[in-house]
Amino acid sequence: MAWKPTQIPDQTGRTFVITGANGGLGTETTKVLAAKGATVIMACRNAEKAQAVADSIPGDVRTATLDLADLASIRKFAETSGDFDVLINNAGLMNIPFSRTKDGFETQWGVNHLGHFALTGLLLDRIGDRVVTLASIAHKQTPKFWVDDLNYENRRYQTNLAYAQSKLSNLMFARELQRRLTEAGSTKRSYGVHPGVSATDLFTRTETLFDKVAKPVIRIVGHPPHKAAHSTLFAATMPDADPETYWGPNRLFQSQGPVEPAPSSKLSQNQELWRRLWEESEQRTGVTYKF
């Protein structure tokens, strides 16, 4: 029988931090967790927009300012955070024109991966239970992982490959974090999940003609945001969810369907690349994990 959010245990007394929760899958995830009794902290760049969304959701929903494109903002957020149970690395950008973050990182890789890498490392001692990181079926769309030039300093920028690289980084990070937690004897868990395809605002920021037709097209092949959030909710709440499994829908080329174990690319399973990505991420962000 397909898993549904009705199977989520009571979350009273548990606190979740969700990045980018002021829209799309983050908002849908917040709604369900709050309805289950959880305290949810929406960590978002746009504080005003986040507060408006929080005010519309019944339950204990709070907001905090976090800009994943700025390491100083990430550090400030971490310094003011107390203990909590689950970190959901949800925020992301997709197929945007070339730009760099405040710290000089290519923006898609900088926000989607490096921002979350730094955030997770700075908060790890305050996370009581688990980390859930959203990857994507797009991680399979890159033929290579340019580990020696992840920041686009010596090659031509391609929006789709930059996004695929960032999502591959998300999945490899989630897996390497789990490997290191296990090696350290920690009971904390790290999950990599994908939501399939859903018509969120992620598809309307490319600054191309695709922005105008994206949502109608995606609605045909994908599933609605509240269903796309199922894999995140499953990994974030189910006590027996296996952290070694990549969770997400499998129907119609993994674009929709119930939460199941999902296949991933050969690159994403290369443990040497996990290690090299981790070392590069530590060097770029200046964040070293303490297990």
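Read the figures in this text as sums done on the coordinates, not as results from a lab. Note that this is a predicted model, so its numbers are computed, not measured. Quick reminder, even Gly has a Cβ in these numbers, built from the backbone with ideal geometry, and neighbours come from all protein chains shown.
So here's what we get for this one:
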| quantity | calculated |
| --- | --- |
| Cα shape, segment 134-197, gyration tensor, a/c 1.5 rule | oblate |
| Length-normalised contact order of the chain in % [C-alpha pairs under 8 Å, at least 6 apart] | 18 percent |
| Kirkwood estimate for segment 15-121, i.e. one over the average of 1/r between Cα atoms, Å | 13.9 Å |
| Segment 165-195 and segment 1-59: distance between their alpha carbon centers, rounded to Å | 22 Å |
| Near-label residues of segment 62-97 by backbone N, under 19 Å of a point 7 Å along Cα→Cβ of ALA184 | 75, 78-89 |
| Order of LEU123, LEU171, LEU33 - criterion: other Cβ atoms within 10 Å of each residue's Cβ, fewest first | LEU123, LEU171, LEU33 |
| Gyration tensor over alpha-carbon atoms, the chain, equivalent ellipsoid semi-axes in Å | 25, 22, 20 |
| Within the chain, percent of DSSP bridges classed antiparallel, to nearest 5 | 15 percent |
| Amide hydrogen neighbours beyond the local backbone of THR63, cut-off 5 Å, H modeled | MET42 |
| Sorted by Cβ density within 10 Å, fewest first, the residues LYS4, LYS167, LYS31 | LYS4, LYS31, LYS167 |
| Gain in span if fully extended, ASN154 to ASP60, counting 0.36 nm per residue against the direct Cα distance | 29.1 nm |
| Cβ-based exposure ranking for ILE96, ILE18, in which fewest neighbours within 10 Å come first | ILE96, ILE18 |
